[in-house]
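Each remark here refers to the structure printed beneath this line.
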Amino acid sequence: MYPTTPRESGTFGARPRPAGGFELWSWYFMRISGAVLLLLAVFHLLWMHLVIGLDNITFETIVRRWTGPLGAFWRVYDLALLVFALTHGMNGARWVINDYVHRRGWNLGLKSALGVLYALLMLMGAYVIFTFQAPPTIVAP
Amino acid sequence: MKQRAALRTAPSLRDTLSYRGGVGQWAWLLHRLSGLGVLLFLVLHVLDIFLASFGPEVFNKLLFLYHSWIFRPFIVLLVFGVLYHALNGLRLVIVDFWPAANVYQKPMWVGATIVSLVVTLITIAAFFWEG
């Protein structure tokens, strides 16, 4: 019923490359953004855990990061992280829905909900990255 | 007809567990689960950083999620999930763009998994030396 060897399935583990159109574009996007995130997200994870330390993260960490001398750099970095990670993750969830949900109504309903969540989180994340200001009581060292 | 429909459908959980696809099957399942888990955290993470707009009182109150020991197992899963998804994803990219690398699929997967586990253990150690 299912392919029993990698060769039979025509692929060796990865999702086969679609023939064209949006799906081909999204296939390439997953690989390119994946490579970008391998650097951006893994560095972010290791920086927060091994250099700063999870228990030392407070509101002041954000103030230092976004309003310190390298504030502009970190805001651009975090915006790239937001755009790539959210788009990569939501497209992955879209693939999972297409794999498992074949009833047309449910398929479209779930993907619509996913699209709304995607837009909402993108707006919320971009909003805080662009507008964040240190409260007057806290000054970045 | 029935068979054709089955081919278009991804395997169910029962099929996945009884299917003997070797290493690649588990690599795939772990990739999918880690991807969904990391996405779930990303949703939470965008929301918590958004709340920083409302000032330190609101944000610091929320930090119990990341500071409490009760949630540490989830953090550990997250760290492993990100690392595994990143390194196993790298394996997929290599194989997609350089088909000759197919011969090294298994060692690449083993390598990705071992590196993910080791770095996860280091971050667990960091809970103790930085706390």
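Computed log10 I(q)/I(0) for the protein assembly as shown at 0.12, 0.14 Å⁻¹: -0.84, -1.09, from the Debye equation with unit scatterers placed on every C-alpha and solvent omitted. Taking 7 Å steps out from each Cα toward its Cβ at A:Leu120 and B:Val103 produces label points 5.2 nm apart. Considered as an equivalent ellipsoid built on the Cα gyration tensor, chain B has semi-axes of 35, 20, 14 Å, the largest given first.
Based on the Kirkwood approach, the hydrodynamic radius assigned to chain A is 18.2 Å, with every pair of different Cα atoms included.
Could you tell me what fraction of 2.2 N^0.38 Å the Cα radius of gyration of segment A:62-141 comes to, as a two-decimal ratio? Intermediate values should be presented prior to the final figure.
On the way: Rg = 17.5 Å, N = 80, 2.2 N^0.38 = 11.6 Å.
Output field value: 1.50.
Using a probe of 1.4 Å, the accessible surface attributed to A:Glu23 totals some 70 Å² when neighbouring protein chains are kept in position. Summarise the accessible area of the protein assembly as shown (1.4 Å probe, protein heavy atoms) by the percent that is carbon and sulfur. C and S atoms contribute 73 percent here.
Suppose R0 equals 30 Å; then what is the FRET efficiency for B:Trp129 and B:Leu62 from their Cβ-Cβ distance, rounded to the nearest 0.05?
0.75
When the alpha carbon gyration tensor of segment B:66-113 is reduced to an equivalent ellipsoid, its three semi-axes come out at 31, 9, 4 angstrom, largest first. Relative to the longest principal axis of the Cα atoms of chain B, the long axis of helix B:23-50 lies at roughly 30 degrees.
How much length, in nm to one decimal, is gained on full extension between B:Leu121 and B:Trp26, taken as 0.36 nm per residue of separation minus their Cα-Cα distance?
Values: separation 95, 0.36 × 95 = 34.20 nm, distance 2.13 nm.
So the extension gain works out to 32.1 nm.
The values are calculated or read from the model by the stated rules, or taken from the named source; none is laboratory data. Here the structure is a predicted model, which is why all the values come from computation and not from measurement. With ideal geometry, Cβ positions are generated from the backbone for all residues, glycine too; neighbour counts draw on all protein chains shown. Note: areas computed on protein heavy atoms with side chains; ligands, DNA, RNA excluded. Shrake-Rupley method; radii C 1.70, N 1.55, O 1.52, S 1.80 Å.
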